[in-house]
Amino acid sequence: MTEEQKQQLERQLWKIANELRGKMDADEFRDYILGFIFYKYLSDKQQLFANALLETEEIKDYRQVKDKEDLAAIQGESLEKLGYFLCPGELFSAIAQKGNLKVDEEATDNFILEELQKILNAIEQSTMGNESQEDFNKLFEDIDLGSTKLGRTPKARNVLIAKVLAHLDKIDFHLDQVDTDVLGDAYEYLIAQFASGAGKKAGEFYTPGQVSRVLAKIVTLDKKRVRNAYDPTCGSGSLLLRIAKEVEVGAFFGQELNRTTYNLARMNMILHDVHFSCFDIQQEIVRKILDS
């Protein structure tokens with residue numbers, strides 16, 4: 001993907017966020033749009049990974065797999081390599097298409113809020129008992145599909161969420177290309193845009209790009225690789241990830257007091273293709289130590 005295509009992706013994602021948030025403040029809508037982008041990323045990655053496993057099978061499209069043994073085998077491989085699992089019916093494209101079915105006004109075939117909530121819960125539950133459990137625990141807790149900020153009635157909320165999913169479903173994240181940081185960078189672009197709209201409140205979750213670049217260059221001076229990178233107040237993880245653009249980083253460590261920002265940091269790591277075994281972001285470590 002070229003730099004121009006990357007910038008086009010960033011503008012497209014921001015346009016979706018701006019058009020669909022309605023009367024909701026930008027920093028309030030942030031958790032929804034970023035959460036759904038993350039869900040689409042996990043879904044697209046699951047589909048690509050499963051399709052690769054199916055190359056020698058009769059059915060090569062993961063969306064069409066129904067055999068329980070095949071699904072169990074794919075689930076085992078997915079949990080080991082990806083850290084999570086989505087079955088075909090839980091893929092982003094499936095729920096997006098269902099939410100935008102053309103039905104009669106009285107019909108409820110396209111009502112997806114309850115199913116969508118179950119899918120988000122299922123992603124977290126799929127990691128239970130695995131090494132990735134802590135990294136995915138309550139990762140989607142800030143997506144409140146029952147919030148009246150999304151609409152006064154369940155029908156209004158469903159219409160808005162369906163529109164968001166439909167717009168995102170049309171975007172190809174190009175996850176099969178070598179430059180895996182494209183979507184991660186676009187994600188950080190959105191974080192920066194939301195931070196700009198949040199004003200002074202943004203300081204707790206985002207370090208401006210110019211500051212991150214300078215700090216990253218200082219701590220990596222004359223180095224080609226660092227074993228660990230640690231940020232005691234990591235926010236959304238932008239500074240940690242910026243270090244990885246300067247040198248090779250063995251593992252990332254961080255802590256963050258704010259629960260929502262802590263979730264954002266974990267999503268940001270995964271979206272930058274940092275394997276779940278290579279980062280450890282914790283919440284409220286300082287407070288826990290002081291209270292003990």
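The values are calculated or read from the model by the stated rules, or taken from the named source; none is laboratory data. The shown structure was predicted, so the numbers you read here are calculated from the model rather than taken from an experiment. Positions of Cβ are backbone-derived with ideal geometry, glycine not excepted, and every protein chain shown enters the neighbour counts.
Observations on the structure shown:
- Of the residues making up segment 120-137, those that are closer than 16 Å to Leu86 by Cβ and assigned to a loop (DSSP other than H, G, I, E, B) are Ser126, Thr127, Met128, Asn130, Ser132.
- Scan of segment 221-240 for residues that are surrounded by 23 or more Cβ atoms within 10 Å (Cβ to Cβ) and part of a strand (DSSP E or B), ordered by number: Ala229
- Flag if Ile243 is among the hydrophobic types (A, V, I, L, M, F, W, C), surrounded by fewer than 20 Cβ atoms within 10 Å (Cβ to Cβ) and either modelled with pLDDT of 95 or more or over 18 Å from the mean Cα position of the chain (by Cα) (or both): no
- Being under 25 Å from Asp273 (Cβ atoms) and assigned to a helix (DSSP H, G or I) holds for only one residue in Glu77, Glu28, Glu69, and it is Glu77.
- Residues in segment 133-191 that are of a type outside the set (Asp, Glu) and touching a His at 6+ places or on another chain (Cβ under 9 Å): Thr180, Val182, Leu183, Gly184, Tyr187.
- Condition met for Gln117 (part of a helix (DSSP H, G or I) and closer than 21 Å to Tyr187 by Cα): no
- Test: residue in segment 157-176 that is surrounded by fewer than 15 Cβ atoms within 10 Å (Cβ to Cβ), at positive phi and modelled with pLDDT under 85: no
- Check on Ile112, in the same structural domain as Asn51 (by TED's automatic domain parsing), under 30 Å from Leu241 (Cα atoms), at pLDDT 90 or above and of a type in the set (Val, Ile, Thr): no
- Any chance Ala202 is at pLDDT below 90 and either surrounded by 15 or more Cβ atoms within 10 Å (Cβ to Cβ) or within 21 Å of the chain's Cα centre (by Cα) (or both): yes
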